[in-house]
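K.L.:
Mind looking over this structure? Questions follow.
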Amino acid sequence: MSKKALEFATKNQGKALAELKEFLRIPSISTLPDHAGDVRKAAVFLADELKRIGLENVRLIETSGHPLVYGDWLGATAKPTVLCYGHYDVQPPDPLDEWLSPPFEPVERNGNIYARGAVDDKGQLWMQVKALEALFHEYGGKLPVNVRVLCEGEEEVGGEGIAEYVQQHPEALKADVALVCDTEMFAPELPTLCVGLRGMIYTEIEVRGAKTDLHSGIYGGAAPNPFVALAQIIAGLKDANEHICIPGFYDDLQPPTEDELAAWKRLPFDEEHYRQTEVGSPELVGEKGYSVIERVSVRPTLDVHGMPGGFTGAGAKTVIPAKAVAKVSMRLVPNMTSAGAYEKYAAYVQQLSPRGVTVETRLIHSGEPVVIGTDNPFVQKAVKAMHEIWKKDTVFVRGGGSIPIVGEFERHLKVPVILMGFGLPDDNLHAPNEKFHIANFYRGIDSIILFLENCGV
């Protein structure tokens, strides 16, 4: 049944890659207000392509932030409906001096395409679009299954707009399964389904001391220093064994099953290779008593992402800043809730606060952890599709990252979510020199073609 669709996809591989490059040239950085126009430009670019390939009811849906892109084709009578999700926004490219080529000028190198958003998530979103195009071609302007497409421009900043829309309009998104292509394979040439994601809370801690910046020579020794206070607070959040010290933080978490632990031990994982090629640090750190795979997927974490404030320019300025800020996030695992974790964290930050300063914590955005059951027929349809393309059995892993909308789909649409991703562990998500392996881009298109056809059988 899929021969013509696969042939069409193969014949048009060069065209698909050229289109992806055009998409990647749009700096749709959702967190930076100066790029709001670029985010909208990317939304229009995507909507225009959805219209061109044959989707109906294509439109931008305005939200409190960046717009959603929606389209559907619902003409497959008595067939299931697949909700295809992706995001067209990207992370900032900083630090720019570490890129080997400009982040928004896509370059092919060593079988990869390098650009910000190449794998997260423009490349993987474009796979879905091209799979739909191939199926429209095979079926004469129709599809073997009903499809809704919903894409957002705020995934990298918490996804509040799409969450509100899903909560308020579940009837407009009725589906039998959701397909999300925003994850990675465990290893090259190893087809992978992600069956769990960590949740997260992203916060700011603001510490205030004096009413204005002060001269350290005149006031040092009497005036409180917000950066020192902030450092003391951060140091108190974890101990020397990387254990998070927040009281009650671990009380509710659900550990992985014995079957999962046994399966992960059989995965092709070389800790030293991981340290050298992916992390690049002198040694690996983390919570003692757990394997690396556990620490990056099913254990909570706490990380500091930035500490703006004070003087950071070239040279010296002897200033005691009036305030200091730290951006701190925590990854959460099943049975933990973002509200509960934040409440415990914020209370403990106040306990850690030293004399002479006032401290405020703010919740920037959050998402809930999810575990996806494998006992539904759509998982097997995905496994069958990937086996036909990759000629290998699929492995099931849990992802360490967070995709906030997955939990919203489960809670409000009551649909299983298939996390079928084709990135690689060394693709440098959120880092300089982000890439997507071009062969995976093409085989991802083919895998999605077969999955969508399988859903219609």
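The values are calculated or read from the model by the stated rules, or taken from the named source; none is laboratory data. All values reported here derive from a predicted model rather than from experimental measurement. Don't worry about glycine lacking a Cβ; one is built from the backbone with ideal geometry, like all the others, and counts go over all protein chains shown. Ligands, DNA and RNA are stripped out before the accessible areas are found, and what is left, the full protein with its side chains, is counted by its heavy atoms. Shrake-Rupley method; radii C 1.70, N 1.55, O 1.52, S 1.80 Å.
K.L.:
In region 41-53, is there at least one residue being surrounded by fewer than 17 Cβ atoms within 10 Å (Cβ to Cβ), outside any helix (DSSP H, G or I), at pLDDT 95 or above and of a type outside the set (Asp, Glu)?
P.N.:
No, region 41-53 contains no residue that is surrounded by fewer than 17 Cβ atoms within 10 Å (Cβ to Cβ), outside any helix (DSSP H, G or I), at pLDDT 95 or above and of a type outside the set (Asp, Glu).
K.L.:
Out of all the residues in region 223-238, is one or more modelled with pLDDT of 95 or more, closer than 19 Å to ALA326 by Cα, touching a Cys at 6+ places or on another chain (Cβ under 9 Å) and among the charged types (D, E, K, R)?
P.N.:
Checked region 223-238: at least one residue is modelled with pLDDT of 95 or more, closer than 19 Å to ALA326 by Cα, touching a Cys at 6+ places or on another chain (Cβ under 9 Å) and among the charged types (D, E, K, R).
K.L.:
Scan (1) touching a residue at least 24 places away in the same chain (Cβ under 8 Å); (2) part of a helix (DSSP H, G or I); (3) open to solvent by 60 Å² or more (accessible area, probe 1.4 Å) for the single condition GLU260 breaks and write down its number.
P.N.:
(3)
K.L.:
Quick one: TYR290 ticks every box in (1) under 21 Å from GLY196 (Cα atoms); (2) of a type outside the set (A, V, I, L, M, F, W, C); (3) open to solvent by less than 80 Å² (accessible area, probe 1.4 Å); (4) in contact (Cβ under 8 Å) with a residue 12 or more places away in the chain bar one, so which box is it?
P.N.:
(4)
Residue by residue, here is whether (1) within 28 Å of GLU155 (Cα to Cα); (2) touching a helix residue (DSSP H, G or I) at 6+ places or on another chain (Cβ under 9 Å) holds:
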residue: LEU193; (1), (2): yes, yes
residue: THR203; (1), (2): yes, yes
residue: GLY217; (1), (2): no, no
residue: GLY220; (1), (2): no, no
residue: HIS243; (1), (2): no, no
residue: LEU267; (1), (2): no, yes
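K.L.:
Output the number of the condition that GLU138 fails; it satisfies all remaining conditions of (1) open to solvent by 20 Å² or more (accessible area, probe 1.4 Å); (2) farther than 17 Å from ASN454 by Cα.
P.N.:
Going through the list (1) open to solvent by 20 Å² or more (accessible area, probe 1.4 Å); (2) farther than 17 Å from ASN454 by Cα, GLU138 breaks only (2).
K.L.:
Would you check if ILE29 is more than 24 Å from TYR202 (Cβ to Cβ) and either among the aliphatic types (A, V, I, L, M) or crowded, with 16+ Cβ neighbours inside 10 Å (or both)?
P.N.:
No; evaluated as a whole, the condition is false for this residue.
K.L.:
Need a quick list: strands (runs of 3 or more DSSP E) entirely within region 372-453 having at least 1 residues that are open to solvent by 10 Å² or more (accessible area, probe 1.4 Å).
P.N.:
Fully inside region 372-453 and qualifying: 395-399, 435-437.
K.L.:
Right, another one. Go through (1) assigned to a loop (DSSP other than H, G, I, E, B); (2) buried (at least 17 other Cβ atoms within 10 Å of the Cβ); (3) within 23 Å of the chain's Cα centre (by Cα) one by one and return the number of the condition PHE269 breaks.
P.N.:
Of the numbered conditions (1) assigned to a loop (DSSP other than H, G, I, E, B); (2) buried (at least 17 other Cβ atoms within 10 Å of the Cβ); (3) within 23 Å of the chain's Cα centre (by Cα), the odd one out for PHE269 is (2).
K.L.:
In region 156-246, which helices (runs of 4 or more DSSP H) lie fully inside it and hold 1 or more residues that are open to solvent by 70 Å² or more (accessible area, probe 1.4 Å) and more than 21 Å from ARG355 (Cβ to Cβ)?
P.N.:
Details: elements: 160-168, 216-219, 226-237.
So the answer is 160-168.
K.L.:
Identify, please: which residue in region 302-330 is touching a residue at least 40 places away in the same chain (Cβ under 8 Å) and of a type in the set (Ser, Thr, Tyr) and is, among those, farthest from TYR348 (Cα to Cα)?
P.N.:
Within region 302-330, the match that is farthest from TYR348 (Cα to Cα) is THR318.
K.L.:
Mind checking which pairs have a first residue in region 422-445 that is within 23 Å of LYS391 (Cα to Cα) and a second that is surrounded by fewer than 19 Cβ atoms within 10 Å (Cβ to Cβ) and of a type in the set (Gly, Ala, Ser), Cβ under 6 Å, 6 or more apart or different chains?
P.N.:
From residues that are within 23 Å of LYS391 (Cα to Cα), the pairs are ILE438/GLY111.
K.L.:
Test PRO80 against the criterion of being closer than 27 Å to GLY423 by Cβ, open to solvent by 20 Å² or more (accessible area, probe 1.4 Å) and out of contact with any Phe, Trp or Tyr (no Cβ under 9 Å at 6 or more places or on another chain), and give yes or no.
P.N.:
No.
K.L.:
Would you mind stating whether PRO93 is touching a residue at least 24 places away in the same chain (Cβ under 8 Å), on the phi < 0 side of the Ramachandran plot, surrounded by fewer than 24 Cβ atoms within 10 Å (Cβ to Cβ) and touching a Phe, Trp or Tyr at 6+ places or on another chain (Cβ under 9 Å)?
P.N.:
On the way: touching a residue at least 24 places away in the same chain (Cβ under 8 Å): yes; on the phi < 0 side of the Ramachandran plot: yes; surrounded by fewer than 24 Cβ atoms within 10 Å (Cβ to Cβ): yes; touching a Phe, Trp or Tyr at 6+ places or on another chain (Cβ under 9 Å): yes.
Criteria met by PRO93.
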